[in-house]
Each structure stands twice: as C-alpha cells, then as structure tokens.
1. Which ones in segment B:143-172 are surrounded by fewer than 23 Cβ atoms within 10 Å (Cβ to Cβ) and more than 10 Å from every other protein chain (Cβ to nearest Cβ)?
2. Find the residue count for segment B:214-234, including only residues that are within 8 Å of chain A (Cβ to nearest Cβ) and either farther than 20 Å from A:F230 by Cβ or in a helix (DSSP H, G or I) (or both).
3. Just checking, how many residues over segment A:256-271 are part of a helix (DSSP H, G or I) and surrounded by fewer than 24 Cβ atoms within 10 Å (Cβ to Cβ)?
4. On the given criteria, is A:T188 open to solvent by 60 Å² or more (accessible area, probe 1.4 Å) and among the polar types (S, T, N, Q)?
5. I need the full set of residues from segment B:132-142 which are facing another protein chain (nearest Cβ under 7 Å) and part of a helix (DSSP H, G or I), in order please.
6. For A:A118, state whether it is assigned by TED's automatic domain parsing to the domain that holds A:I223 and part of a helix (DSSP H, G or I).
7. Would you pick out the residues in segment A:67-82 that are within 25 Å of B:A34 (Cβ to Cβ) and surrounded by 22 or more Cβ atoms within 10 Å (Cβ to Cβ)?
8. Considering only residues of segment A:94-139 that are of a type in the set (S, T, Y) and more than 18 Å from the chain's Cα centre (by Cα), which is farthest from B:A267 (Cα to Cα)?
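The values are calculated or read from the model by the stated rules, or taken from the named source; none is laboratory data. The model shown is predicted, which means the values in this text are computed figures rather than measured ones. Glycine gets a Cβ as well: all are built from the backbone with ideal geometry, and neighbour counts include every protein chain shown. Remember, those area values only see protein heavy atoms, side chains included, never the ligands or the DNA or RNA. Shrake-Rupley method; radii C 1.70, N 1.55, O 1.52, S 1.80 Å.
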Amino acid sequence: MRSVLGDRRALLILLGPALLVYTLVMLVPMGWSLGYTFFKGNVIEGFTFDGFGNFEKLWHDQQAHSALWFTFKYGVVVSVGQVLCGYLLALLYVFVLRKSSALIRTLVFFPVILPTVAVALMFQKLFAVAPQNGLANTAVEALGIHHGDWFASGGGSFLVLVVMDVWRSMGFYGVLIYAGLLDIPEETIESARMDGATGWRLIRHVVLPLSWPVVLASAVFSINGTLKVFDSVLALTNGGPGSDTTPLTLYMFRTAFSYGDYGYGSTIASLLTVVCLGVSLIIFRFSRRDPTKG
Amino acid sequence: MTDTLAAPPRVRPTRPPTAALPRRRHARRLVRNALVALLLVIEVTPLLWLLLSSFKTQSEFVDDPAWSLPKSWGLANYTEAWTTGHVALYIRNSLMATVPSLALIVLLGVAAGFALEVMVWRGRHQVLLAFLLGIMVPSQMILLPLFRIYFQTGLSGTLAPLIITYTAAGLPLTVFMMATYFRSIPREVFEAATLDGASVLKAFWKIAFPMVRNAVFTVGLVQFFFIWNDLLISLTFTTDDDLRTIQVGLLNFTGQYGETAYGPLFAAISINVIGALFLYLLINQRIIKGLTAGAVKG
C-alpha cells in the first residue's frame with residue numbers, strides 16, 4: 001500500500017510537469033535575476049560584470065530610497081485601512097445585520113473582482129477637476145472643503161490611492177474576518193453579555209482577542225499584497241506627480257524597461273523581495289502561528 | 001458604535017422588559033439603517049455614476065456638472081469603444097491568453113497537489129517550500145530573464161509568453177489550495193482504492209479528481225480573476241499593440257484618443273464592470289468562497 005502511493009513513475013507523471021514548468025519559468029529566473037544584480041547593461045547592448053556596483057548605486061540612490069519609503073508607507077497605511085475597515089464591516093455583519101447580512105456582504109464584495117485598471121480609471125475621473133469636477137470633488141466641496149486638483153500633489157494622490165484601494169478590497173477582508181467571527185462560540189459572547197459586557201468592552205475584551213488569529217492572517221495577506229502594489233499606482237497616478245507615488249515595483253519596471261538597465265532593475269527587484277520576505281517573516285514570528293494551517 | 005453593538009434583545013431571561021426597551025430597539029434600528037444606507041452610497045454611487053456617464057456626449061462632459069444625468073441613452077459610446085477603441089480585440093486577446101493558461105494551471109496544479117498531499121515520498125516538504133517561494137517572491141523577480149528568453153526564442157510577437165508566464169505564476173497558489181482540499185479527504189479512501197488494485201494514476205483520475213471537482217472549479221475561478229485582471233505580466237510581455245490584453249488596452253485607452261474622448265473611455269470601463277457583474281451575479285457565492293479560501297491558505 002505504501003509502496004503503491006509512493007510509485008515513482010506515477011509521481012513523475014503527476015508532479016513532474018508542474019514542477020518542471022514552475023522551475024523553468026519561476027525558480028530559474030529568480031536565480032537568474034539575482035545573477036543580473038552583478039552586471040550592467042541589457043540584452044541589446046550586452047552585459048558587463050560590475051561586481052557590487054549596483055548595490056553601491058542602490059545605497060546612494062535618492063530615488064530608490066523614496067521608492068522604498070513609499071512602499072512602506074503605502075503598505076502600512078493601506079493594510080491597516082483594509083484590515084480595519086474589514087473588521088468594522090465584519091462587526092456590522094455579525095452584530096448589527098446578523099441574519100440579514102448576506103445581500104450587503106455580496107454587494108460590498110463586488111469591487112474585489114473588478115479589474116484594478118478599470119477601478120483606477122474610474123477613481124481618476126471621480127476625483128478629476130477637468131473637464132468638470134468629478135463626483136467625489138463635487139461631494140467634498142458640498143461639505144465645504146475646497147481641495148483643488150488631487151493629483152497635483154503627492155499627498156493628494158496618496159490619499160486618493162489609499163481611499164481607492166480600501167474601497168476596492170474592504171469587502172474581501174470583511175468576508176474573511178466575518179468567517180473568523182462566526183467561529184467564536186455563541187455561548188462565549190452570550191455569557192460575556194450576562195456578565196455585563198456590552199458595546200466597546202465586549203469587542204475589546206472578548207471578540208477581538210478571540211478573533212486575533214484571523215486578524216493576523218488578514219494582515220499577513222494584506223501586507224504581502226500591498227508591498228507589491230503595481231496596477232493601482234500605474235493606472236491611477238502613473239507614479240506621479242514627479243515620482244511622489246512611485247513604489248519599488250514601479251521604479252524597478254521603469255529602470256528595467258524604460259531605461260534598459262537590467263542589472264539595476266534586478267537589484268531593485270531583489271530589494272523588494274528581501275522586504276517582502278522580511279516583513280512576512282516578522283509577522284509570522286510575531287503571530288507564532290502557521291497561517292498555512294489556517 | 002456602542003449603541004449599535006449593544007446586547008440584542010433575544011435572550012434576556014434575567015431582566016424583565018421595561019418601557020425603555022422598545023425605544024432603544026427603535027434607535028438601534030435607525031442606526032442600523034443609517035449604516036446600511038451609508039455603505040450603499042459608498043459602494044454603489046461610483047459605479048452608478050460610471051454607468052450613467054458612459055451615455056454622455058462629449059459636450060455634456062465638458063459643459064454639464066458631473067452629477068447631471070445623460071440627455072439621451074444611445075449606445076454610440078459603446079459601439080465606438082467596442083470597434084474604434086479596439087475593446088473587442090482586447091477582450092479576444094485576453095480570452096485567448098486566459099483560457100489555455102487556466103486549463104494548464106488546473107491540469108498541472110491539481111495533479112501536483114495530489115502528488116504532494118496524498119502520495120508518500122521523500123522531499124515533499126522541500127518541494128512545498130519551493131512552491132511557497134513562488135507565492136511570496138514578487139513577480140518583478142522573474143520578468144527580466146523571461147523577457148530575454150521570450151525575445152531570443154522569437155516568442156515575443158505572440159501570446160505564448162503570456163500563457164507560459166500565467167501558467168507558471170498560477171501554479172503555486174493552485175498547488176497549495178489543492179493540497180489543502182486533498183488533506184480534507186480521509187486517506188483511507190485512497191489507501192482502500194490502491195488495496196483494491198488501482199494504480200495511483202487510476203486512483204487520482206477515477207477517485208480523487210471527481211471528489212474535488214467543486215474545489216477545482218473554485219480554484220479555477222480564483223485563477224481566472226488573477227489572470228484576467230493582471231496588468232504587470234501582460235504589460236511586460238505584449239510588445240505588439242494588436243496583442244494587448246483588455247487591461248493593457250484600457251490603460252492606454254486615453255492615449256489613443258488623446259485626453260478628450262470621455263464618453264468612449266467611460267463606456268470601455270463600463271464594459272469591464274458590466275462583464276464582471278454578469279459573472280458575479282451568476283456565481284457570487286462561489287467567487288467569495290474561492291477568493292477568501294485562497295487568502296487564508298496562501
């Protein structure tokens with residue numbers, strides 16, 4: 001029996017193709033990119049060995065620093081926004097709407113599946129000032145705030161970016177955390193209520209601690225995505241004004257494909273990889289829990 | 001917030017009903033309705049505005065305020081986006097890249113998930129770890145070498161680079177999700193099958209695959225959205241304008257018309273949203289389950 005389930009020929013047929021494709025198209029290029037970091041040039045001009053030149057350049061490159069900073073800033077702000085809004089939505093579903101939350105859940109989830117490019121272009125128009133004030137501008141001005149062109153300043157662009165990405169994905173985290181909240185035994189909450197815990201205190205001391213694992217899992221998933229942000233930025237602000245909203249992903253893309261610097265592009269990609277792996281590792285440690293068993 | 005989250009009225013055996021209770025309940029219902037209304041406004045208004053605007057003419061965009069309704073409901077913007085704006089071509093390209101990738105991902109990924117979870121062999125954990133790497137490492141790490149390979153092998157002028165890259169990039173999550181689904185099936189099922197004389201391949205094809213058919217559909221759905229909505233890979237590997245996928249085409253839509261053709265642009269975005277809405281209405285519960293399952297497991 002063991003020997004049958006360990007049949008080598010079957011293993012080769014079942015796992016072989018996937019592993020081969022994955023190795024050739026993902027693993028080998030990853031190593032190859034690491035190799036590029038020691039070279040200068042591109043396919044057309046040819047490559048020359050440059051030692052640690054690219055890393056030295058990265059160390060002194062102001063633009064790379066600001067891209068790294070933007071990546072962190074965006075990652076933290078949007079991840080906190082996504083998980084927080086998701087949690088509030090989940091509380092709304094479980095405690096306020098209760099049995100009748102299915103329709104609202106479905107509705108709020110819808111933007112999750114929309115193409116990012118479509119959503120970004122829509123938000124561009126919502127916050128546009130020409131040819132007419134977009135709907136969002138009109139609403140903001142109706143509240144008595146006159147902002148002007150959101151995309152003319154780095155701060156304004158960042159704000160629209162955050163609002164967009166939270167709007168786009170909060171339904172996703174809402175459902176994710178909602179499923180976690182449903183796992184809390186009804187009796188636990190009921191008995192806490194008997195003991196007089198209501199409102200904020202019930203949330204703070206009973207619901208939040210019991211749902212902490214799913215909050216952490218959401219945070220890991222969220223930060224893993226937001227650190228890699230590309231589509232939203234490219235489609236909404238194109239990294240601008242100037243390079244004010246350029247994350248590492250976009251900076252790498254520009255360096256490699258607009259300026260044809262493969263070596264330096266790979267170095268930036270490697271930095272991004274280190275950041276992604278490092279942050280995930282820190283959160284895993286912090287949570288002391290294996291999210292794959294989740 | 002405190003009020004809305006206060007104890008529900010259902011189980012309160014220790015306290016006799018008082019006069020204050022109905023009023024509190026009334027207030028709570030008011031707050032609840034207000035919250036739902038706010039949520040509806042936030043979610044629906046932008047999309048509704050997008051759809052309404054897609055019927056406006058150029059002069060309405062320039063002269064009328066954003067909140068005005070379109071004066072007529074003709075489909076001129078849509079036909080222009082569809083033909084002159086090449087949306088039809090882009091959607092065709094997207095389909096031609098997505099369908100083969102999806103088929104390959106499911107075929108290879110389900111088999112690999114089975115091999116990794118059900119079969120017994122040394123090195124399983126190392127291979128799983130290698131697949132995990134594919135989930136964590138950003139795609140930027142694979143673009144440059146692949147670009148070079150596709151360029152030098154002459155694949156660049158076709159959709160093949162997209163299909164190959166999507167297939168490989170979709171495998172890690174698929175393998176992980178499928179391994180999780182296979183884990184939920186009792187091992188005895190497969191052991192009994194092999195005891196009865198079935199080979200592993202037969203056990204996979206005749207027993208395991210049918211058992212996870214629903215999961216396969218779910219996984220396929222998740223991958224569909226990843227591929228269909230992808231921008232980074234398609235932007236990198238489509239060097240030819242005629243090979244643009246819908247996302248790349250949409251991104252460059254403004255460029256083709258200059259900054260002024262608002263109507264067709266809104267129509268092009270709307271086509272995307274309406275298409276997604278159709279699919280969503282058809283199988284929304286499946287989509288929600290699939291995407292969130294992928295999240296926790298990923």
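1. Answer for segment B:143-172, where residues must be surrounded by fewer than 23 Cβ atoms within 10 Å (Cβ to Cβ) and more than 10 Å from every other protein chain (Cβ to nearest Cβ): B:Y150, B:T153, B:G154, B:L155, B:S156, B:G157, B:T158, B:L159, B:A160, B:I163.
2. Residues that pass the stated criteria total 3.
3. Going through segment A:256-271 one residue at a time, the tally reaches 4.
4. No: the conditions fail for A:T188.
5. B:G134, B:M136, B:Q140, B:M141, B:I142 - these are the residues of segment B:132-142 that are facing another protein chain (nearest Cβ under 7 Å) and part of a helix (DSSP H, G or I).
6. The answer is yes for A:A118.
7. A:Q82
8. That would be A:S100.
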